[in-house]
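Each remark here refers to the structure printed beneath this line.
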Amino acid sequence: MAILILGANGFIGSAVLARLERAGHELVGLGRDITAAKHRFPSVRWHRADLAGLNTPADWTPYLDGIDVVVNCAGALQDGQRDDVTATQRDAMLALYAAARQAGLRLLVQISARTDGAGELPFLATKAEADRALAASGLNHVILRPALVLGRNAHGGSALLRALAALPIVTPLVFADRRVETVSVEDGADCVRMAIDGSLPPGTDLYLAGDALDLSRLVALHRTWLGLPPAKTLALPDAVAGPVSRMADLAGRLGWRSPLRSTAMQVMAGGITAGGSRLDLPLQTAGETLARNPAGVQDLWFARLYLLKPVLVVTLALFWILSGLVPFSDLARAAAHFSPFMPQNAALGLTVATALLDITLGVLLLWRPTARMALVGQAALALAYLAGGTLLAPALWLDPLGPYVKVLPALALIPPTLAVLDER
């Protein structure tokens, strides 16, 4: 069958795509950032599109041409620089259902979430609205509601688990005693296959979970998986979640999708469990999922670097912003370095220009869409400073304050920051 997978380049979507490819289906993937996915899955036909912009049935018509089944693996945790939860999870879905009825779609499989007691939380409220609309649409459909998804790869909450597990000495945890149900991404993908094969009849609405553990136990399980010795859990009061999530929300408005944002914290505060209908088949436990995918050194590197990524970004941003602000405290003195080579006014102008350029590159690094460009610009500018300074004032290499030497550590931080910049 011809199957369109929404969010096919994501953590769950890519696992679903791989499973359905093995089953021999004709696959079409849709996502916003598909460059890497096209290389990973060259046999798949790809569409680049943002669901938030597909809000009328006519917008969906070109993507449904010749399609038998749609699998929706897309979603947005929280509004941010690139994400509109309502447009993505509700408006786009309502338009899709209308277009699917017109196109005579055979089946729509929805990867949703536990939405009972969704309240005012936009992530869950919009999921619930879309699910109700799908159930009332008349389309053949299956709704799958996975718990916290674990797998060989990691993203969002599962990546945070690995990062917390890799912390040295002690493991600080908010909500350490909350129960967390998990499901293997492989089991989730296999349930999608079962829905398409007809093993799960239309109208099925299932919650997928293998087992439940306290958060502290789940982190300890990941620590063992990483090959690290046991560490004591430092249970932090729930109130700590507030300031942490506010900082993560600020990062979200700048385009950085942290798993510590307020939506994730509110969900975690109540634990990740649910009642309702469940699959009458054994699903892998968290321990079984990890055991089937033994960790390598690359997993340990990822876990240790995950929480260092924001530290690298903020450190470099502050370095460049502060280095640009300092000259304004005494412009004449700062311009004196150029005075032997040019008139005073030109020296002042060049000092102001380079200072503003430093500040601009620091600010651009904090804005996620321009972060990569900013890092490349910082590297180029740092090398230009060192080359120009060496030619014009080589004696400064021996200056007791080390103005040139201090550039080298900042320059060395740029490649690792670039290396960990990708989100998927």
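The values are calculated or read from the model by the stated rules, or taken from the named source; none is laboratory data. Predicted model, so just to flag it, every value in this text is computed and none were measured. Note: ideal-geometry Cβ built from the backbone for every residue, glycine included; neighbour counts use all protein chains shown. For accessibility, only protein heavy atoms count, side chains too; no ligands or nucleic acids. Shrake-Rupley method; radii C 1.70, N 1.55, O 1.52, S 1.80 Å.
Please indicate, with yes or no, whether at least one residue in the stretch 150-166 is outside any loop (DSSP other than H, G, I, E, B), touching a Lys or Arg at 6+ places or on another chain (Cβ under 7 Å) and open to solvent by 10 Å² or more (accessible area, probe 1.4 Å). Talk me through it step by step, then tell me what you get.
In the first step, residues of the stretch 150-166 are kept if they are outside any loop (DSSP other than H, G, I, E, B); the result is 150, 157-165.
Retained after the next criterion (residues that are touching a Lys or Arg at 6+ places or on another chain (Cβ under 7 Å)): 165.
Then keep just the ones that are open to solvent by 10 Å² or more (accessible area, probe 1.4 Å); that gives none.
Looking through the stretch 150-166, none of the residues is outside any loop (DSSP other than H, G, I, E, B), touching a Lys or Arg at 6+ places or on another chain (Cβ under 7 Å) and open to solvent by 10 Å² or more (accessible area, probe 1.4 Å).
List the helices (runs of 4 or more DSSP H) that sit entirely inside the stretch 41-145 and contain at least 1 residues that are buried (at least 18 other Cβ atoms within 10 Å of the Cβ) and in contact with a Phe, Trp or Tyr (Cβ under 8 Å, 6 or more places away or on another chain).
On the way: elements: 57-64, 92-103, 122-135.
Answer list for the stretch 41-145: 92-103, 122-135.
Would you confirm whether or not the stretch 176-186 contains a residue that is at pLDDT below 95 and open to solvent by 20 Å² or more (accessible area, probe 1.4 Å)?
Going through the stretch 176-186, the residues at pLDDT below 95 turn out to be none.
Scanning the stretch 176-186 turns up no residue that is at pLDDT below 95 and open to solvent by 20 Å² or more (accessible area, probe 1.4 Å).
From the residues in the stretch 18-37 that are assigned to a helix (DSSP H, G or I) and under 19 Å from the mean Cα position of the chain (by Cα), which one is surrounded by the fewest Cβ atoms within 10 Å (Cβ to Cβ)? Outline the logic, then answer.
Applying the first criterion (assigned to a helix (DSSP H, G or I)) to the stretch 18-37 yields 18-22, 35-37.
Applying the additional criterion that residues be under 19 Å from the mean Cα position of the chain (by Cα) yields 35-37.
Numbers: Thr35: 10, Ala36: 12, Ala37: 21.
Only one residue fits best here, namely Thr35.
Determine which member of the set Gln298, Gln266 is in a helix (DSSP H, G or I), open to solvent by 40 Å² or more (accessible area, probe 1.4 Å) and free of Cβ contacts under 8 Å to residues at least 40 places away in the same chain.
Numbers: Gln266 fails: free of Cβ contacts under 8 Å to residues at least 40 places away in the same chain.
Residue meeting the stated conditions: Gln298.
Looking at Leu134, Leu96, Leu167, Leu139, can you tell me which residue is in contact (Cβ under 8 Å) with a residue 12 or more places away in the chain and closer than 28 Å to Val420 by Cα?
Values: Leu134 fails: closer than 28 Å to Val420 by Cα; Leu96 fails: closer than 28 Å to Val420 by Cα; Leu139 fails: closer than 28 Å to Val420 by Cα.
It is Leu167.
Restricting to the stretch 301-315, give me the number of residues that are in contact (Cβ under 8 Å) with a residue 12 or more places away in the chain and either in a loop (DSSP other than H, G, I, E, B) or open to solvent by 90 Å² or more (accessible area, probe 1.4 Å) (or both).
Within the stretch 301-315, residues that are in contact (Cβ under 8 Å) with a residue 12 or more places away in the chain and either in a loop (DSSP other than H, G, I, E, B) or open to solvent by 90 Å² or more (accessible area, probe 1.4 Å) (or both) number 2.
From Arg261, Arg217, Arg223, grab the single residue that is surrounded by 14 or more Cβ atoms within 10 Å (Cβ to Cβ), closer than 29 Å to Ile414 by Cβ and not aliphatic (A, V, I, L, M). Break it down stepwise before answering.
Details: Arg217 fails: closer than 29 Å to Ile414 by Cβ; Arg223 fails: closer than 29 Å to Ile414 by Cβ.
Answer to the check: Arg261.
Enumerate the pairs (first residue in the stretch 229-254 and under 17 Å from Val267 (Cα atoms) and basic (Lys, Arg); second residue anywhere and open to solvent by less than 80 Å² (accessible area, probe 1.4 Å) and in a helix (DSSP H, G or I)) with beta-carbon separation below 9 Å, excluding pairs fewer than 6 apart on the same chain, so at least 6 apart or on different chains.
Arg246/Ser262
If the requirement is being surrounded by 15 or more Cβ atoms within 10 Å (Cβ to Cβ) and part of a helix (DSSP H, G or I), which of these qualifies: Thr390, Thr370? Show your work before the answer.
Numbers: Thr390 fails: surrounded by 15 or more Cβ atoms within 10 Å (Cβ to Cβ).
Among Thr390, Thr370, only Thr370 is surrounded by 15 or more Cβ atoms within 10 Å (Cβ to Cβ) and part of a helix (DSSP H, G or I).
Given the residues Leu318, Leu350, which is the only one that is of a type in the set (A, V, I, L, M, F, W, C), surrounded by 14 or more Cβ atoms within 10 Å (Cβ to Cβ) and not in a loop (DSSP other than H, G, I, E, B)?
Working: Leu318 fails: surrounded by 14 or more Cβ atoms within 10 Å (Cβ to Cβ).
Leu350 is the lone residue from the list that is of a type in the set (A, V, I, L, M, F, W, C), surrounded by 14 or more Cβ atoms within 10 Å (Cβ to Cβ) and not in a loop (DSSP other than H, G, I, E, B).
Find the residue count for the stretch 363-396, including only residues that are in contact with a Gly (Cβ under 8 Å, 6 or more places away or on another chain) and under 19 Å from Ala335 (Cα atoms).
Total satisfying the criteria: 1.
What's the total number of residues in the stretch 273-298 that are among the β-branched types (Val, Ile, Thr) and modelled with pLDDT under 90? Can you show your working first?
In the first step, residues of the stretch 273-298 are kept if they are among the β-branched types (Val, Ile, Thr); the result is 273, 285, 289, 297.
From what's left, modelled with pLDDT under 90: 273.
Here the count works out to 1.
Being open to solvent by 70 Å² or more (accessible area, probe 1.4 Å), in contact with a helix residue (DSSP H, G or I) (Cβ under 9 Å, 6 or more places away or on another chain) and among the aliphatic types (A, V, I, L, M), is that true of even one residue in the stretch 270-283?
Yes: the stretch 270-283 contains one or more residues that are open to solvent by 70 Å² or more (accessible area, probe 1.4 Å), in contact with a helix residue (DSSP H, G or I) (Cβ under 9 Å, 6 or more places away or on another chain) and among the aliphatic types (A, V, I, L, M).
Kindly indicate which of Pro340, Pro327 is assigned to a helix (DSSP H, G or I) and open to solvent by less than 30 Å² (accessible area, probe 1.4 Å).
On the way: Pro340 fails: open to solvent by less than 30 Å² (accessible area, probe 1.4 Å).
When all the criteria are applied, what remains is Pro327.
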